[in-house]
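Mind having a look at this structure? Questions to follow.
Every number here is computed from the coordinates shown, using simple stated rules; none is lab data. Note that the structure is a prediction, hence the values are computed from the model and not measured. Every residue, glycine as well, gets a Cβ built from its backbone with ideal geometry; the counts of neighbours run over all protein chains shown.
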């Protein structure tokens, strides 16, 4: 391998690492925006629930189905926020699933979100496809 091949290989590796770092930054930004959107939705759900509970108590009315629906909605929003926060942490040191885009620990063999196969064989296939597309 001559000096030009070494320079080309080093540059190619550097560009690939830069691309991966940029992709992770974009993913973190997307996740943070979604967390903010869900937190606003959660705040609105709490306000709506609080108003309904207050009005019901002021009128002497027992709990109604609307309150139970709002509680379930709040629980679902909170679950989504926690999943996104976990995804945000995973972006730093994990592999992205090629099927659904969720991040998984590098040692995982199956995606925690969609169940797609993450074995090293599949990762090698993806990297060959990536390399062949960029030549």
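Roughly how tilted is helix 120-133, in degrees to the nearest 10 and between 0 and 90, from the longest Cα axis of the chain?
The helix 120-133 is inclined about 70 degrees to the chain.
Hey, what angle do you get for helix 65-93 against the long axis of the chain, alpha-carbon based, 0 to 90 degrees rounded to 10?
Taking Cα atoms only, the helix is inclined about 20 degrees.
Now for a different question. In a Gaussian network model over the chain where Cα atoms closer than 10 Å are linked, find which of 32, 113, 104 has the largest mean-square fluctuation.
113
Follow-up question, since we're still on this one. Pick from 19, 79, 62 the residue whose mean-square fluctuation is largest in a GNM of the chain, springs joining Cα atoms under 10 Å.
62
Then there is this: Could you work out the relative contact order of the chain, using alpha carbon pairs under 8 angstrom and six or more residues apart, expressed as a whole percent?
17
Residue 51 to residue 110: extension gain in nm, 0.36 nm per residue of separation minus the Cα-Cα distance?
16.8 nm
Same structure again: With labels modelled as points extended 7 Å from the Cα through the Cβ direction, what inter-label distance (nm, one decimal) is found for residue 62 paired with residue 99?
4.7
Determine, from the Cβ-Cβ distance of residue 11 and residue 86 and an R0 of 41 Å, the FRET efficiency 1/(1 + (r/R0)^6), rounded to the nearest 0.05.
0.70
Say we join alpha carbon atoms closer than 10 Å with springs in a Gaussian network model of the chain; which of 31, 67, 77 then has the biggest fluctuation?
Fluctuation is largest for 67.
Something else now. If I take the Cα coordinates of the stretch 1-76 and project them onto the principal axes, what are the three extents in Å, biggest first?
Largest to smallest, the principal-axis extents are 86, 15, 8 Å.
Give the Rg (one decimal place) followed by the Dmax (whole number) of the chain, computed from C-alpha coordinates and expressed in Å.
23.0, 86
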